[in-house]
Amino acid sequence: MFSNNDEAVINKKLPKELLLRIFSFLDVVTLCRCAQVSRAWNVLALDGSNWQRIDLFDFQRDIEGRVVENISKRCGGFLRKLSLRGCLGVGDNALRTFAQNCRNIEVLNLNGCTKITDATCTSLSKFCSKLRHLDLASCTSITNLSLKALSEGCPLLEQLNISWCDQVTKDGIQALVRGCGGLKALFLKGCTQLEDEALKYIGAHCPELVTLNLQTCLQITDDGLITICRGCHKLQSLCASGCCNITDAILNALGQNCPRLRILEVARCSQLTDVGFTTLARNCHELEKMDLEECVQITDSTLIQLSIHCPRLQVLSLSHCELITDDGIRHLGNGACAHDRLEVIELDNCPLITDASLEHLKSCHSLERIELYDCQQITRAGIKRRRTHLPNIKVHAYFAPVTPPPSVGGSRQRFCRCCIIL
């Protein structure tokens, strides 16, 4: 029901161009509400120029294919960015209509849209040549055919996420990189069929690559990653967590070839040692975030090198690195990153850490969070003393276990500890 008074003062005084500009700052919900105020506002709110960026994640349970089709017809060539993340009801037919109508789309998020298949990528290839960012994570029906289609029709593609698309193999990667050599970010987490050969194609054809995620790609070894390092000198972020076959050869290759590296995640890579991290630290001075959880061979020597050579370090995870001691934390607390940079340090299950480490970190004025779960030598008193120097810090720790309850049916149960969050 529209108001009969479409000649409101605001509509008389302000030109349409200015009203449209005001409406362009409104979110989807507010635009829909404004569309119900009057006929004049309905026209303004539903003008395609106000629908250049749409995120339907908050409405994911209610979104069906026809909604996407209607949006595409309304927005047409105006639409540049659309997120359908988690919209389980959207399938290939709706996205074909979308691709036909929205040929200027640049950013498309289909993360978790499990109904879509290779047919969607065929449609995007045919109609959406300006596509730059595409997220297909957890779209498990996607195969090598999709990557071949994208390679043929989307040459401007810069960022692609096909995490957990476990049907993709080296053949798909080979097809992709031959047509999309400008890729800057590639997320392959959980693509368990990928082997070193796939990485060799990436290293040979993607010199602009900045971000690469290979988490839990279990078949990857040193050979493939060394090719990446040698071919992708602009690499800034590498996640190889769970790639348990890699060794210090990777850290040496990163140090020698990728001086811009800022983020390194190698959790559960138990073959990495102080020797490799020494080479890395001495050559990659821009490191900001390192996840070394369960790199069980590293010692205080690694922390000494990081403290000397990595002044930008902000986040460091050392959980389950059981050889780390207070002396290593002392060097870190006196290092170049300590005073203004270090924000998070995780030391869960580091049994040799004591309250002395908290004293060594008192000069880290930017520190926001310390994780100390199952550090048995950390005490409440030590944490409270630290609070006097860093009143805004959050410390997460477990303390002495309570008496475990009796087992049920002979099964072994994990009993509760007292948790403190300060």
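The values are calculated or read from the model by the stated rules, or taken from the named source; none is laboratory data. It should be emphasised that the depicted structure is a prediction, and the values quoted were computed from it without experimental measurement. Positions of Cβ are generated from backbone atoms using ideal geometry, with glycine treated the same way; all protein chains shown enter the neighbour counts. Ligands, DNA and RNA are excluded from the accessible area calculation, which covers all protein heavy atoms including side chains. Shrake-Rupley method; radii C 1.70, N 1.55, O 1.52, S 1.80 Å.
What pairs come up if the first residue lies in region 154-176 and is within 19 Å of R85 (Cβ to Cβ), the second is among the acidic types (D, E) and open to solvent by less than 50 Å² (accessible area, probe 1.4 Å), and their beta carbons are under 6 Å apart, counting only those six or more places apart or on different chains?
Listed pairs, sorted by first residue: N161/D135.
Out of region 137-155, which residues are under 15 Å from L186 (Cβ atoms) and hydrophobic (A, V, I, L, M, F, W, C)?
Passing the criteria: A137, I142, L147, L150, C154.
If a residue must be within 12 Å of L56 (Cα to Cα) and either in contact (Cβ under 8 Å) with a residue 60 or more places away in the chain or among the small types (G, A, S) (or both), how many such residues does region 75-88 contain?
Qualifying residue count, region 75-88: 2.
Can you name the condition, by its number, that E286 falls short on among (1) within 18 Å of C375 (Cα to Cα); (2) open to solvent by 20 Å² or more (accessible area, probe 1.4 Å)?
(1)
When you scan region 194-203, do you find a residue that is of a type outside the set (A, V, I, L, M, F, W, C), under 18 Å from L150 (Cα atoms) and in contact with an Asp or Glu (Cβ under 7 Å, 6 or more places away or on another chain), even just one?
No, there is no match, as no residue in region 194-203 is of a type outside the set (A, V, I, L, M, F, W, C), under 18 Å from L150 (Cα atoms) and in contact with an Asp or Glu (Cβ under 7 Å, 6 or more places away or on another chain).
Tally the residues that are farther than 27 Å from R260 by Cα, surrounded by 22 or more Cβ atoms within 10 Å (Cβ to Cβ) and in contact with a Pro (Cβ under 7 Å, 6 or more places away or on another chain), restricting the search to region 301-359.
Residues flagged as farther than 27 Å from R260 by Cα, surrounded by 22 or more Cβ atoms within 10 Å (Cβ to Cβ) and in contact with a Pro (Cβ under 7 Å, 6 or more places away or on another chain) within region 301-359 amount to 0.
Output the residues belonging to region 8-45 that are of a type outside the set (A, V, I, L, M), under 22 Å from V67 (Cβ atoms) and open to solvent by 40 Å² or more (accessible area, probe 1.4 Å).
S24, D27, T30, C32, R33, Q36, W41, N42
Could you run through region 307-355 and say how many residues are part of a strand (DSSP E or B) and either within 11 Å of C375 (Cβ to Cβ) or out of contact with any Asp or Glu (no Cβ under 9 Å at 6 or more places or on another chain) (or both)? Quick ask: steps written out before the conclusion?
First pass over region 307-355, keeping only residues part of a strand (DSSP E or B): 315-317, 344-346, 354.
From the residues that got through so far, the ones that are either within 11 Å of C375 (Cβ to Cβ) or out of contact with any Asp or Glu (no Cβ under 9 Å at 6 or more places or on another chain) (or both) too are 346, 354.
So the answer is 2.
Being more than 21 Å from L306 (Cβ to Cβ) and of a type in the set (A, V, I, L, M) narrows it down to one residue among A336, A381; which is it?
The conditions single out A381.
What tally of residues in region 211-241 results from selecting those that are open to solvent by 10 Å² or more (accessible area, probe 1.4 Å) and either of a type outside the set (A, V, I, L, M, F, W, C) or part of a strand (DSSP E or B) (or both)?
Residues meeting the conditions: 15.
Hey, any hits in region 54-69 for a residue that's in contact with a Lys or Arg (Cβ under 6 Å, 6 or more places away or on another chain) and surrounded by fewer than 19 Cβ atoms within 10 Å (Cβ to Cβ)?
At the first step, the residues of region 54-69 found to be in contact with a Lys or Arg (Cβ under 6 Å, 6 or more places away or on another chain) are 57.
Checking the rest, the ones that are also surrounded by fewer than 19 Cβ atoms within 10 Å (Cβ to Cβ) come to 57.
Yes - at least one qualifying residue is present in region 54-69.
Of the residues in region 177-210, how many are in contact with a strand residue (DSSP E or B) (Cβ under 9 Å, 6 or more places away or on another chain) and open to solvent by 30 Å² or more (accessible area, probe 1.4 Å)?
4
Report those helices (runs of 4 or more DSSP H) wholly inside region 20-88 carrying at least 1 residues which are out of contact with any helix residue (DSSP H, G or I) (no Cβ under 6 Å at 6 or more places or on another chain), modelled with pLDDT of 90 or more and not aliphatic (A, V, I, L, M).
Fully inside region 20-88 and qualifying: 65-75.
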